[in-house]
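The structure appears below as structure tokens.
The values are calculated or read from the model by the stated rules, or taken from the named source; none is laboratory data. Computed from a predicted structure; not experimentally measured. Cβ coordinates were reconstructed from backbone atoms using ideal geometry, including for glycine residues, and neighbour counts include every protein chain displayed. Ligands, DNA and RNA are stripped out before the accessible areas are found, and what is left, the full protein with its side chains, is counted by its heavy atoms. Shrake-Rupley method; radii C 1.70, N 1.55, O 1.52, S 1.80 Å.
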Amino acid sequence: MEWMPILLECARNVGRNIAPLIRNANKPGLSFGIGAGGDPMRQVDLAAERAVVDTLLAHEISFTLISEESGIMRYGDKPEESYVVVDPIDGTTNLTRGIPFYATSIAVSTKPEMQFVHAALVSDLFHNVTYTAERGCGAHRDGRRIYPSTEDSLDEVVIGVDLNTYKVREIAPRITGLLAKAKHIRHLGANSLELCYVADGTTDAFIDIRGKLRVTDTAAAWLIVNEAGAKITTPTGGPLNARLDPRERVTFVAAGNERLHKIILDHIKA
Ligand code: IPD
Ligand code: CA
């Protein structure tokens, strides 16, 4: 099956479904309960998820949905044929606060494990910029092939670091050596999109060692980073893999090239 046109249609429909909700997304309203990923769900998250599911159903696709909101749901008569991993809105806090950095993330896998993801899309919904990858075919931004950065000097790098956790006192000391040496540190608030920034060389690296990030935020960008030619591993340098389940958590170091990746690993206390 040709997945990419369908994933692109999903992203367009997400944009359309959430447009009328964005202005009031931060107003207190009805409670929608807690999603499968453990965070409160908002109307905008559910509208985005609905857009993805309805698009796939309109194409009569059988699939197992693995979503941050609804969890694991089976559709059609052969749901084990495809596993569709969705973070309907990555960066919901940004969206509700009017910070222009949030995305929809969709990955397709043949098995419920990240290493089998073969098609991926992360769409920046504010700027209408879409990152895609298919296994063995490279990664693209709006249809143009992308490549990561070749920068390997900590004196020049822009590195994203997610330290957004109540456990910051335990986690931060493992990377203070890196923070002390790296020239520019950022955290933008939608990790799927921050990983795509490594894929296209906008930034040089992105690390998340909190043990808090879900596979729903990571699965699509994992393929995009790999297909772009950047490197993403666990913080100890092992292959990054995880069960595709909204309760599963990942940690990683992603860098534009092997040299910078190694330098970062050498500065992290595993
Ligand atoms: C969040 C973003 C954020 C990261 C959080 C994630 P969400 O995704 O990726 O950057 O720090 O851990 O939960 O909740 O907006 O889908
Ligand atoms: Ca989300």
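Modelled label-to-label distance, residue 80 and residue 266, 7 Å Cα→beta-carbon offset: nm?
Placing both labels 7 Å beyond Cα along the Cβ direction yields 4.7 nm.
With just the Cα atoms defining each centre, how far is segment 221-270 from segment 173-219? Give it in Å.
10 Å
If you build the Cα gyration tensor of segment 3-145 and take the root of 5 times each eigenvalue, what three semi-axes come out, in whole angstrom, biggest first?
For segment 3-145, the ellipsoid semi-axes come out as 24, 19, 13 Å.
On average, how much accessible surface per residue is there in segment 53-193, in Å², for a 1.4 Å probe, leaving out ligands, DNA and RNA? Walk me through the intermediate numbers first.
Values: 6650 Å² over 141 residues.
Result: 47 Å² of accessible area for each residue.
Determine which residues of segment 251-270 fall in the zone a paramagnetic label at residue 156 would reach in this model, i.e. backbone nitrogen under 18 Å from the point 7 Å along Cα→Cβ.
Answer for segment 251-270: 255-264.
If each of residue 118 and residue 135 carries a label point 7 Å out from its Cα toward its Cβ, how far apart are those two points in nm?
Here the answer is 0.6 nm between the modelled labels.
More than 22 angstrom separation, counting every C-alpha pair in segment 158-267; what % is that?
Tail of P(r) above 22 Å: 22 percent of Cα pairs.
Quick one: angle between helix 4-22 and the longest Cα principal axis of the chain, in degrees between 0 and 90, rounded to 10, please.
80 degrees
If you line up the long axis of helix 215-228 against the longest principal axis of the chain, both from Cα atoms, how many degrees apart are they, to the nearest 10?
60 degrees
Please report the Cα spread of segment 207-265 along all three principal axes, rounded to whole Å, starting with the longest.
Cα extents, longest axis first: 33, 22, 14 Å.
Quick one: if you stick a label point 7 Å off each Cα along the C-beta vector at residue 43 and residue 169, how many nm between them?
A separation of 4.0 nm, rounded to one decimal place.
Please list, by residue number, every one of the chymotrypsin sites (Phe, Trp or Tyr not before Pro) in segment 125-178 that is coil in DSSP and has at most 11 other beta-carbon atoms within 10 Å. All intermediate terms of the calculation are to be shown ahead of the outcome.
Values: sites: 126, 131, 166; in loops: 126, 166.
Sites meeting the loop and neighbour criteria: 166.
Past 29 Å, Cα to Cα: identify those pairs from 111/183; 111/212; 27/181; 181/212; 111/269; 27/212, in the order given.
Distance filter (> 29 Å) returns 111/183; 27/181; 111/269.
Working from the pairwise distances between different alpha carbons, so that the mean of 1/r is found and then inverted, what is the chain's Kirkwood radius in Å?
After inverting the mean inverse Cα-Cα distance, the result is 18.4 Å.
May I ask you to derive the FRET efficiency for residue 59 and residue 258 from their Cβ-Cβ distance with R0 = 45 Å, giving the value to the nearest 0.05?
Working from the Cβ atoms, E equals 0.70.
So if R0 is 35 Å, what FRET efficiency would residue 142 and residue 93 give, r being the distance between their Cβ atoms, rounded to the nearest 0.05?
It comes to 0.85.
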